[in-house]
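Chemist: Structure provided below as structure tokens; questions to follow.
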Amino acid sequence: MSALDIAVDYDAIADNVRTLSARAGDAEVMAVVKADAYGHGLVEAGRAAREGGATWLGVAQPHEALALRAGGDTGRIFTWLYGTEVPARALIAADVDLSVNSTEVLGEIISVARDLTVAPRLHICVDTGLGREGVTLHDLPGLITVAQEAQREGLIQIVGMWSHLAWADRPGHSTIDLQAENFRAAVLMAEEREIQLEVRHLANSACTLTRPDLHFDLVRPGIAVYGLPPVPDPDGENFGLRPAMSVRSRVILVKDVPEGQGVSYGHEYITPHRTTLGLVSAGYADGVFRAGGNQAEVAIRGRRYRIAGRVCMDQFVVDLGSGTEVSEGDAVTLIGPDGPGARDWATAVDTIDYEIVCRFGGLRDKERA
Ligand SMILES: *Cc1c(COP(=O)(O)O)cnc(C)c1O
């Protein structure tokens, strides 16, 4: 048995997509399953998202789109992260919708399309202010000219335009409206040049949950699909979403120690009184963040315990207090409905829950291999 038992509740993913679909109203849902579905398993999570009503799946990297097809997915798939080295031939053969980041990438796709009988479906990515992927508003007219020409020749079809927000997780931030305004201008620019857009898309999870006016035709939630909304629910109901990943380990040793006992390397925890320590058989080599020492909590038999002292390579200790009922073999919940959430770990180790699930999810893969 491995040190960490990492499980994914795929019904939760399907239910979360149903919940997000209801919130999206008339807009369709593209479930973002990049990075092995944020560590939840690309093909399995993709299947669950389809079950929940996702009409699109979105991935950053081309190989992920091809892996979804190889896994049997037959719906609309969108991929966006590549340069001119894009494996356009394979992606077009797999009927994947492609993003266009620049006139150079567009040129590459057009040159591949010349040898083909099908015209690939393309979505123009506009940098409306994130300062990351996409064509700037300044360069957009030039790209549209090239696209229009190729479309007239029947080589490509521009079906979408999209962008991504910088501050969606800060509802009310001034850049959100500014980016939306830029996005509308970009859409208008394309439409004025005879480009008929099937889908315009801008909203990530935070925007899907907080800005219904910016859903356009399609929303692209990622983290919320896995039950981890990036903004607090004003109603305190987690937006009706349920975390899908749980991470567990075991207590392998329980022992009594006196007051003043230093615990683990460097004795960064000293027992404040006579107590009982529990040893858990998972450490940083297994993916337990070392920064969680004296910070992060776990749950055993439904009770929370802070990690006592440093997290070691393959073990850590908790102070169970006196009179504990915890015994060897008990399950230790690092993340789960009966314990802390990914967000709690993120706070404890100073990161975001996205990184927590990606990290544990990466280990899940290794286990299966
Ligand atoms: C990751 C990503 C998303 C999903 O973002 P969340 O914050 O996880 O909802 C949507 N669109 C793009 C372009 C992304 O890179």
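The values are calculated or read from the model by the stated rules, or taken from the named source; none is laboratory data. These figures come from a predicted structure and were not determined experimentally. Backbone-built Cβ (ideal geometry, glycine too); neighbour counts: all protein chains shown. The protein model used for the area step is the full one, side chains on, heavy atoms only, and it has no ligands, DNA or RNA in it. Shrake-Rupley method; radii C 1.70, N 1.55, O 1.52, S 1.80 Å.
Chemist: Need the full-extension length gain, Asp256 to Thr84, defined as separation in residues times 0.36 nm minus the C-alpha distance. One decimal, nm. Kindly include the intermediate steps, with their values, before the conclusion.
Modeler: Values: separation 172, 0.36 × 172 = 61.92 nm, distance 6.27 nm.
Fully extending the segment from Asp256 to Thr84 adds 55.7 nm.
Chemist: Taking a probe of 1.4 Å, how large is the accessible area per residue of the chain, in Å²?
Modeler: Values: 15990 Å² over 369 residues.
Computed with neighbouring chains in place, this is 43 Å² per residue.
Chemist: Still on this structure: Can you pull the one-decimal nm distance between simple spin-label points at Ala331 and Glu237, each 7 Å off the Cα toward Cβ?
Modeler: 2.8
Chemist: Still on this structure, I have one more. For Glu51 and Glu268, what does the FRET efficiency come to when R0 = 45 Å and r is the distance between their Cβ atoms, rounded to the nearest 0.05? Present the calculation step by step, with values, prior to reporting the outcome.
Modeler: Working: r = 46 Å, r/R0 = 1.03.
Once rounded, the FRET efficiency stands at 0.45.
Chemist: Once Rh for the chain is found with the Kirkwood sum over Cα pairs, what is the Stokes-Einstein diffusion coefficient at 37 °C and 0.692 mPa s, in µm²/s?
Modeler: Values: Rh = 22.4 Å.
So the translational diffusion coefficient is about 147 µm²/s.
Chemist: Of all accessible surface on the chain at a 1.4 Å probe, what whole percent is carbon and sulfur?
Modeler: After summing per-atom areas, the C and S share lands at 49 percent.
Chemist: Between Gln61 and Asp338, what is the spin-label point distance in nm, taking each point 7 Å from the Cα along the Cα→C-beta axis?
Modeler: Label at Gln61, label at Asp338, 3.6 nm between them.
Chemist: If we restrict to alpha carbons, what Rg and Dmax does segment 9-229 come to, in Å?
Modeler: 16.6, 48
Chemist: Also, quick follow-up: Can you work out the FRET efficiency for the pair Asn294 and Ala7, with r the C-beta to C-beta distance and R0 = 25 Å, to the nearest 0.05? Show your work: numbers first, answer last.
Modeler: On the way: r = 27 Å, r/R0 = 1.08.
Result of the calculation: an efficiency of 0.40.
Chemist: Read phi for every residue in segment 132-146 and hand back ³J(HN,Hα) as whole Hz from Karplus 6.51 cos²θ - 1.76 cosθ + 1.60, θ = phi - 60°, with x for Gly and Pro.
Modeler: Taking θ as phi minus 60°, the curve returns 9, 6, x, 8, 6, 4, 5, 8, 4, x, x, 5, 4, 4, 5 Hz for segment 132-146.
Chemist: Full extension from Ser111 to Glu191: what is 0.36 nm times the residue separation minus their Cα-Cα distance, to one decimal in nm?
Modeler: Working: separation 80, 0.36 × 80 = 28.80 nm, distance 2.42 nm.
Full extension of this stretch gives 26.4 nm more.
Chemist: Per residue of the chain, what 222 nm ellipticity follows from adding -39500 (n - 2.57) for every DSSP H run with n ≥ 4, rounded to the nearest 500? Let's see the in-between values first.
Modeler: Details: 11 runs with 119 residues, N = 369.
Mean residue ellipticity, 222 nm, calculated: -9500 deg cm²/dmol.
Chemist: First check a/c for segment 162-206, with a ≥ b ≥ c the square roots of the eigenvalues of its C-alpha gyration tensor; if it is under 1.5, answer rounded, and if not, answer prolate when a/b is larger than b/c or oblate otherwise. Please list the in-between numbers first.
Modeler: Values: a/c = 4.45, a/b = 2.05, b/c = 2.18.
It is oblate, given that a/c is not under 1.5 and a/b is not larger than b/c.
Chemist: Which peptide among 148-155, 134-141 comes first, and what is the full order, when sorted by highest mean count of other Cβ atoms within 10 Å?
Modeler: Numbers: 148-155: 14.6, 134-141: 16.6.
Output ranking for 148-155, 134-141: 134-141, 148-155.
Chemist: Sorting check: for 71-78, 23-30, which peptide has the highest mean count of neighbouring beta carbons within 10 Å, and how do the rest follow?
Modeler: Numbers: 71-78: 16.1, 23-30: 19.0.
In descending order of packing, they fall as 23-30, 71-78.
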